[in-house]
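Coordinate-derived values only; no laboratory data. All values derive from a computational prediction rather than experimental measurement. Every residue, glycine among them, receives a Cβ derived from its backbone with ideal geometry; neighbour counts consider all protein chains shown.
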Amino acid sequence: MKKSHLFGILIIAACITIIMATAGDASTYVSFGEAQQLSTNGKANKVHVVGQLKKSTEGEILGLEPSSDKLSFSFVMVDHNNKEQKVFYKEPMPADFTRSEQVVVIGSYRDNIFVADQILMKCPSKYQEKEVS
Amino acid sequence: MIHTFIGNAGHFFVVASFITSLVAAYAYIQAANLHNLNAQSWRRYARGAFYLHGLMVVGVVFSLFYIIYNHYFEYHYAWSHSSLSLPTHYMISCFWEGQEGSFLLWIFWHVVLGLTLIQTNKDKQWEAPVMAVFALVQAFLASMILGVVIGDVKIGSSPFMLLRDVMDAPVFALNPDYVPADGTGLNPLLQNYWMVIHPPVLFLGYATTLVPFAFCIAGLWKKKYESWVKPTLPWAIFSAAILGTGIVMGAYWAYETLNFGGYWNWDPVENAVYVPWLVLIAGIHTMVIFKNNNTALKTSIVLVIATFVLVLYGTFLTRSGILGDTSVHAFTDLGLSGQLMIYMFFFTLGAIVLAATRWKEIPTSDKEASAYSREFWIFIGATTLCLMSFQVLVPTSIPVYNALVEAFGGISNVAPPADQVAFYTKFQLWFAVAVALLSGTGQFFFWKKMDKEKLKNELALPLVVTLLLSAVIIVVAKITEPVYMVLLTAGLYSIVSNGSVLVRLAKAKVRLVGGSVAHIGIAMMLIGVLFSAGYSKVVSQNTTGMLIFKGDVPEQENVDNVLVWLNDPYEMQDYSLLYKGQRKEVEGVPGYVDKKLLQPTEDPRMAVAVGNFEKDGKKYFSKGDSVKYIAENTFHEIEFTSRANGSQFTLYPRSQVNAEMGGLAASPDIHHELTRDLYTHVKAIPNEEDEKDWGETKEMNVKIGERFFLNDYVAVLEGIKKVNQVAGADVDLGPEDLAVEAQIKVFGKQEDYMLTPTYIIRDRMVGQIPSTANEIGLRVTLLNISPETNSFTLGVNTTQKDYIVFSAIEKPGINILWAGTIIMVIGFGIAAYRRYKDVKGDGEENNKNDDKKRLKPRKNPVVA
């Protein structure tokens, strides 16, 4: 076998390792129900949950609760299966949080609270959002 | 009035630039395929078409800028990206804030590069095939901003759309000629000088990757399998330098403006540039190998094509909307994904098919590289760079994988790794170690002939120096993490070994030092990243032990922010803090002005001074003056006193309250020291728009001269005075009317406040105008005057004092990163110049030497 063949095999092996490692570390999009299941099964992997803020019929946001020292806050999020869940985030409320139409929280359950390490917000795009007045 | 002319002109220029690029492409293809006089006349024709294309592109650029500059808000682009209050230099950045404008910038650079190639390519053999590729790319890019609808198919998104054609607002039904009075403004995060300079550099970097690709395709097409490398090499190095500069500028912008607390976040948008850049550098190295010993030609072809394809793929990722919620700052989806996909596949498949049909004809060398040859080490280095880039490419493509699975009816719920920074660091760090070691070792193989003995001798001294240096640094900087020790040692090794080569080369032939210099720069960047990221320290950890959250949060979270009340000293690790209040920038006034001195007006660009402002003995404005400022920018003055040595400095992190952008946008302020930065940024401030909760009114009776407490502050009623005019209220006083003002002085911790509630009797009606000091959360009303007891009844309401929530992060060694970047770019510059001289023919002799020569030591060492 030529050296260059050996070299090629090594490169392919490295590529496969990279793909496997990525697959191993990749997170998943789940619902709150599945996330809770994962955590009770002892899997502490961080997951992504997509959902919306809980709103009243008038569109008012419900369950938003800033901490007394303003350094963190919690809110109620509704996932795609309509399950409501209290989410805690250890940063002050992001500026456009209340206007977001979709929220992705990345984190895991701790007891009955979902603790988010990161919140990604999808705000209505500029084009729909603005009104010509 | 609607200025339709300029928009129509702009749109005409877009269509014309599209057509001329197609004409140029067709004519250049003809010129490339023919061999007689016809070819010459086709080439002349094609060149004319490309010149015309360039002119049309300039026309598009001019039209769009004209619309933005003149505030023609009837145009959607101007309305949605600019506003009246925007300073001129930021009008340049709103030019490329939108997708259409950034495509335009890209197109413009291609024109500049194309014209440069036509002018510099004197022997003309490359012009036709290379420019054919250029013109085709231009046609695809111009189609992105074409804005033509054929049937149900929309081709491109034009920047010259009128607002009324884009928005479905009722106002246009009433008045089709309605023009909004002001635009909605530029995203405050882009109002930074780096956003004026970073996008053009980055897009020049993107644009320059087309040059190597075009030469490579031209070489394959015209069966000049070897000679394309020579003119390509200086362009490839130039491209790597520009792209690298663009990447680091973006990082620096993110560091200065965004608030994630760092300069690199492994966001897909960042990765989309990083991945092709690494492959491009790998390609440069294999081309250098080819120039030296005729091997690695096929690898070079693959890498040059891969670089351009990865640029297209990155474009597709960031502009098609496929990233969805995985990226914080991808462009808005303009519905161009189909077009982008065609663009990407056309050149990807075209290049692959062309390379495949020519593959057998491409000359190869059967020589096996010895482990003691320079080429072997460079090749390993190039492979490492490719794997490094592949490792970033795979996770970045997860949204594409999901979309593909779903396109075939499957369900895929793979998400990117939850902690991106930790995930990428884990792998990239080891690649970086390998790159540093290889870039150091490869340099010792100047002479072709190297054996074990020689290598040992060469390596001994640098190794000893490296180990000594790294031991000292590990002890001094208290590095305990084994991984960081390895990275530090590898980086130092690269600096030391490249440095020793540099010294030798500089004596022999200065022109050849480019590679060593660039390697030293890269190694410094690694060490800078190691310290600034690995040892970045949050200094604003909450140590007050306050109950952080009421309710049922399971455990105490480690909170990285602090809450500091106005004028209330706060002890943070290493620093004593004092938040001194909100400040504004006023035009013509150096530094910052207290917000209390400025009364906002209806015009967001103007304020009225309510007091005099002097600084360093010079008076800048006095009470009643109108001053120019930007209402939405507020700077928060925070004084830091180091607890270690008592040194003091003041930082002004910025907050922008902009309803359009959704409340608060914060930009950090950074205190630079030689060995570290202290980085602070605002996380939360009291919301002024909110209805203040003033609580219950507390009544108190006081006499003149009496001291009393107001919201825990000592206050004194200094006196009562009759006033003829009531400040802050439009009240006409008649001869029978009376207005008195109480003068209450409140002794704050840092400064005193005057409160002047007013009591009015007008037309026998009693009125009270309260006086407010927001900063100390106090509002006082003069409720009643009792002449018989000579006392006054005050109504006191209290609310929250002004405060700021912010975080502070220390970043040691970050200057090594920036210095390394500059050195790297200089190295690229030297290397590009040297390769350019090669092309011109007065450089080194062509290195395709015969075998006999190769056995001898090289006279002119070639360094990548």
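Could you order the peptides B:15-22, A:83-90 from most to least packed, using the average number of other C-beta atoms within 10 Å per residue?
Details: B:15-22: 22.0, A:83-90: 19.5.
Going by the mean number of other Cβ atoms within 10 Å, highest first, we get B:15-22, A:83-90.
Would you report the distance distribution of C-alpha pairs in region B:1-186 as whole percents per 10 angstrom bin, up to the bin with the largest distance?
10, 33, 28, 17, 9, 3, 0
Quick one: give the max-minus-min coordinate of the C-alpha atoms of region A:28-126 along each principal axis, largest first, in Å.
38, 31, 24
Which links in B:721/B:801; A:70/A:122; B:124/B:224; B:298/B:507 stretch past 25 Å when you go from one Cα to the other?
Values: B:721/B:801 28 Å; A:70/A:122 23 Å; B:124/B:224 14 Å; B:298/B:507 35 Å.
Result: B:721/B:801; B:298/B:507 exceed 25 Å.
Would you mind checking the radius of gyration and Dmax of region B:351-484 based on alpha-carbon positions, in Å?
21.7, 63
Please report the projected area of region B:223-327's Cα convex hull averaged over all directions, in nm². Show your work: numbers first, answer last.
Working: hull surface 30.7 nm².
Across all orientations, region B:223-327 yields a mean hull projection of 7.7 nm².
Other chains near B:387-395: what is the mean number of their Cβ atoms within 10 Å of each residue's Cβ? Before the final figure, lay out each step's value.
On the way: counts 5, 1, 0, 5, 7, 2, 2, 7, 7.
Per-residue shielding by partner chains comes out at 4.
What percent does the relative contact order of chain A come to when contacts are Cα pairs within less than 8 Å and at least six residues apart? Display every interim value, and only then the final one.
On the way: 198 pairs, mean separation 25.6, N = 133.
RCO, chain A: 19 percent.
For region B:113-189 and region B:558-572, write down the distance between their C-alpha centroids in whole Å.
Value for the Cα centre distance between the two parts: 49 Å.
In the calculated pair distance distribution of chain B, what percentage of Cα-Cα distances lie above 35 Å? The partial results should precede the final answer.
Details: 225601 of 372816 pairs.
So the portion of pairs separated by more than 35 Å is 61 percent.
Considering all alpha-carbon pairs of the protein assembly as shown, what whole percent are spaced by more than 47 angstrom?
Summing the P(r) tail past 47 Å for the protein assembly as shown gives 38 percent.
Compute the longest continuous run of chain B that contains no exposed trypsin sites (Lys or Arg not before Pro); treat a site as exposed when its DSSP state is not H, G, I, E or B and it has at most 13 other Cβ atoms within 10 Å. Show your work: numbers first, answer last.
Numbers: sites that count: B:122, B:124, B:223, B:367, B:478, B:550, B:623, B:643, B:749, B:764, B:848, B:859.
The longest such stretch corresponds to B:224-366.
Taking N as the number of residues in region B:698-801, what is its Cα Rg relative to 2.2 N^0.38 Å?
The value comes to 1.06.
For chain B, calculate the relative contact order in percent as a whole number, restricting contacts to Cα pairs under 8 Å that are 6 or more residues apart.
Working: 1559 pairs, mean separation 96.1, N = 864.
For chain B, the relative contact order is 11 percent.
Whole Å is fine, so just give me how far the alpha carbon centre of region B:412-491 lies from that of region B:274-304.
Computed from Cα coordinates, the inter-centre distance equals 22 Å.
Helix B:514-534 versus the longest principal axis of chain B: what is the Cα-based angle in degrees, 0 to 90, to the nearest 10?
40 degrees
When you look at the Cβ of every residue in B:408-419, what mean number of other chain Cβ atoms sits within 10 Å? The partial results should precede the final answer.
Values: counts 0, 0, 0, 0, 2, 9, 7, 12, 6, 7, 13, 6.
What the average comes to for B:408-419 is 5.
Is there a simple number for the mean count of other chain Cβ atoms within 10 Å of the Cβ of residues in A:25-35, and what is it? Write down the numbers at each step before the final one.
Working: counts 11, 10, 10, 5, 6, 2, 1, 0, 0, 1, 0.
Whole-number average of other-chain Cβ neighbours for A:25-35 is 4.
Enter the angle in degrees (range 0 to 90, nearest 10) between the Cα long axis of helix B:210-221 and the first principal axis of the Cα atoms of chain B, meaning the one along which they spread out most.
The helix B:210-221 is inclined about 20 degrees to chain B.
Past the 22 Å Cα-Cα mark, which pairs from B:230/B:452; B:595/B:618; B:596/B:745; A:86/B:537? Don't jump to the answer; show the numbers that get you there.
Numbers: B:230/B:452 33 Å; B:595/B:618 19 Å; B:596/B:745 16 Å; A:86/B:537 30 Å.
Flagged as over cut-off: B:230/B:452; A:86/B:537.
Percent relative contact order of region B:698-801, based on C-alpha pairs within less than 8 angstrom and at least six residues apart?
Numbers: 232 pairs, mean separation 25.5, N = 104.
After rounding, I find 25 percent.
Show me B:435-442, B:96-103 ranked by packing, highest mean number of other Cβ atoms within 10 Å first. Intermediate results must be reported in sequence, preceding the final value.
Values: B:435-442: 24.6, B:96-103: 22.5.
Taking the mean over residues of other Cβ atoms within 10 Å, the ranking is B:435-442, B:96-103.
Compute the projected area of the convex hull of the Cα atoms of region B:592-645, averaged over all viewing directions, and report it in nm² to one decimal place. Intermediate results must be reported in sequence, preceding the final value.
Numbers: hull surface 20.0 nm².
Across all orientations, region B:592-645 yields a mean hull projection of 5.0 nm².
What list of ³J(HN,Hα) values in whole Hz, one per residue of region B:775-790 in order, does the Karplus curve 6.51 cos²θ - 1.76 cosθ + 1.60 (θ = phi - 60°) give from phi, with Gly and Pro shown as x?
4, 9, x, 10, 9, 10, 10, 8, 7, 7, 10, 10, x, 5, 9, 6
Using only the alpha-carbon atoms, how far is helix B:99-120 inclined from the longest principal axis of chain B? Give it as 0 to 90 degrees, nearest 10.
Compared with the principal axis, the helix lies near 40 degrees.
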